[in-house]
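Enquirer: I'd like to ask some things about the structure below.
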Amino acid sequence: MTARGEPPTLTLTAIGVVRSPFVSRVDAPRQPAATEGARGEIVLYPGRNLEHAVLDLSEWSMIWVLFWFHLNPGWRPKVLPPRSEGRRRGVLSTRSPHRPNPIGLSALRLEEVRGLTLFVRDLDLLDGTPVIDVKPYVPYTDAHPDARSGWLESLSAPADPAPAWEVVYAARARAELDWLRDGHSVDLETPVTRTLSLGPQPHPYRRIRPDGDGFRLAVKDFRVRFRVDGRRVDVLGITTGYRASELATRAGPDLDLHRAFVARFAGG
């Protein structure tokens, strides 16, 4: 503590950076268990004697990775987690990224150590994430299956992980997704399925809103319309997130894609 009783200011220096297939916050899975084996790399910085620091690390099958939520501009004392059934919770009782200090912790599978590069699996981190530290995952001390699950135990469906919702694509949605993927290298199906399999309830963090007799999910600059039947989510179709006036007046490659999409699928 300082002389005035204020907390000290700490200085951290990143030891490396994440190379990941996930480039935006919308793309990133919420937990490593939801990544379905996504692979990536942790590239440690040279010139800091880390070549010696990674000795013997390859003997471990899992590692803890401490990182910095570099895209978060601030924090919130109360947050709305995806599984909180509409109730806000104190941020320290959640795994939300909006923290007083934006420090995250992920348990990742370590596949290989090659020089200063750690090859990992079950990655849930964004590309460019600064890495603060790496520690081995030690099962006998880090795994506590009998630990309480806090407010998760009071939910109507407290199972953790919760059973995935079934996501079914209508013929129109399938044609639109295939056109984007095969002709323009835009994969919307992966983030759509990942998001909706967690649950279709309207939620600002997952960019889900009511839309007439259904719902609308925003993914990148597209909008995905869907309905819910029991625990099945029926994806009906995809639309552009740009207004007609923007498509008519603005320039740019992204806008060209959206204009081509509208021209291809306008009118059903």
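Every read-out reported here was derived from the displayed coordinates using simple, explicitly stated rules and does not represent laboratory data. Remember, it's a predicted structure, so these values are computed and weren't measured experimentally. Every residue, glycine as well, gets a Cβ built from its backbone with ideal geometry; the counts of neighbours run over all protein chains shown.
Enquirer: Per 10 Å bin from zero, what fraction in whole % of the C-alpha pairs of the range 166-265 is there, up to the bin with the longest pair?
Expert: Values per bin, smallest distances first: 15, 49, 30, 6, 0.
Enquirer: Let me ask something else about it. Ranking request for peptides 118-131, 183-196, 253-266: highest mean number of other beta-carbon atoms within 10 Å first, then the rest in descending order.
Expert: On the way: 118-131: 20.9, 183-196: 17.4, 253-266: 14.1.
The densest-packed peptide leads the list: 118-131, 183-196, 253-266.
Enquirer: List the residues, sorted by chain then number, that are 5 or more residues from Lys78 or on another chain and whose placed amide H is less than 5 Å from its amide H.
Expert: Amide H neighbours of Lys78, under 5 Å, 5+ apart: Val91.
Enquirer: Give the span of the range 61-124's Cα atoms along each principal axis, as three whole-Å numbers ordered largest to smallest.
Expert: Dimensions of the range 61-124 along the principal axes of its Cα atoms: 44, 24, 15 Å.
Enquirer: Something else about it: Rounded to the nearest 5, what is the percent of antiparallel bridges among the DSSP beta bridges in the chain?
Expert: Of all bridge pairs located within the chain, approximately 90 percent are antiparallel.
Enquirer: Next up: Over the Cα atoms of the range 215-266, what is the Rg over Rh ratio if Rh follows Kirkwood? Don't jump to the answer; show the numbers that get you there.
Expert: Details: Rg = 13.0 Å, Rh = 12.1 Å.
Looking at the range 215-266, the ratio lands at 1.08.
Enquirer: Relative to the longest principal Cα axis of the chain, at what angle does helix 253-265 sit, 0 to 90 degrees, rounded to 10?
Expert: That helix lies at roughly 40 degrees to the long axis.
Enquirer: From the phi angles alone, apply the Karplus equation (6.51, -1.76, 1.60; θ = phi - 60°) to the range 233-242 and give each ³J(HN,Hα) in whole Hz, x where the residue is Gly or Pro.
Expert: 10, 9, 7, 8, x, 10, 9, 6, x, 8
Enquirer: So what does log10 I(q)/I(0) come out to for the range 47-95 at q = 0.13, 0.27, 0.33 Å⁻¹, using the Debye formula with one equal point on every Cα and no solvent?
Expert: Per q value, in the given order, log10 I(q)/I(0) is -0.59, -1.10, -1.20.
Enquirer: Whole-Hz ³J(HN,Hα) for each residue in the range 120-136, computed from phi via Karplus 6.51 cos²θ - 1.76 cosθ + 1.60 with θ = phi - 60°, x for glycine and proline: what do you get?
Expert: Result, rounded to whole Hz: 10, 10, 6, 6, 10, 10, 7, 4, x, 5, x, 9, 8, 6, 10, 9, x.
Enquirer: Still on this structure, please answer the following. Extending each Cα 7 Å along its Cβ direction at Arg48 and Thr9, get the distance between those two points in nm, one decimal.
Expert: 2.1 nm
Enquirer: In deg cm²/dmol and to the nearest 500, what is the mean residue ellipticity at 222 nm of the chain if only DSSP H runs of at least 4 residues count, each as -39500 (n - 2.57), divided by the residue total?
Expert: On the way: 6 runs with 49 residues, N = 268.
Result for the chain: -5000 deg cm²/dmol, rounded to the nearest 500.
Enquirer: Spelling out what I want: for every residue of the range 174-181, take phi, set θ = phi - 60°, compute 6.51 cos²θ - 1.76 cosθ + 1.60 (Karplus), and round to whole Hz; glycine and proline get x.
Expert: 4, 5, 5, 5, 5, 4, 5, 6
Enquirer: Enumerate the amide H contacts of Phe69 below 5 Å, restricted to partners 5 or more residues apart or on another chain; note that Pro and chain-start residues carry no placed amide H.
Expert: Here Ile103, Gly104 satisfy the definition.
Enquirer: Taking H as built 1.01 Å from N, whose amide H comes closer than 5 Å to the amide H of Tyr137, not counting residues under 5 places away?
Expert: Under 5 Å from the amide H of Tyr137 lie the amide H atoms of Met62, Ile63, Trp64, each far enough along the sequence or on another chain.
Enquirer: Continuing with the same structure: When all C-alpha to C-alpha distances in the chain are sorted into bins of 5 Å, what percent of pairs does each bin hold, rounded to whole numbers?
Expert: In whole percents, the pair-distance histogram is 1, 5, 10, 13, 15, 15, 13, 11, 8, 5, 3, 1, 0, 0.
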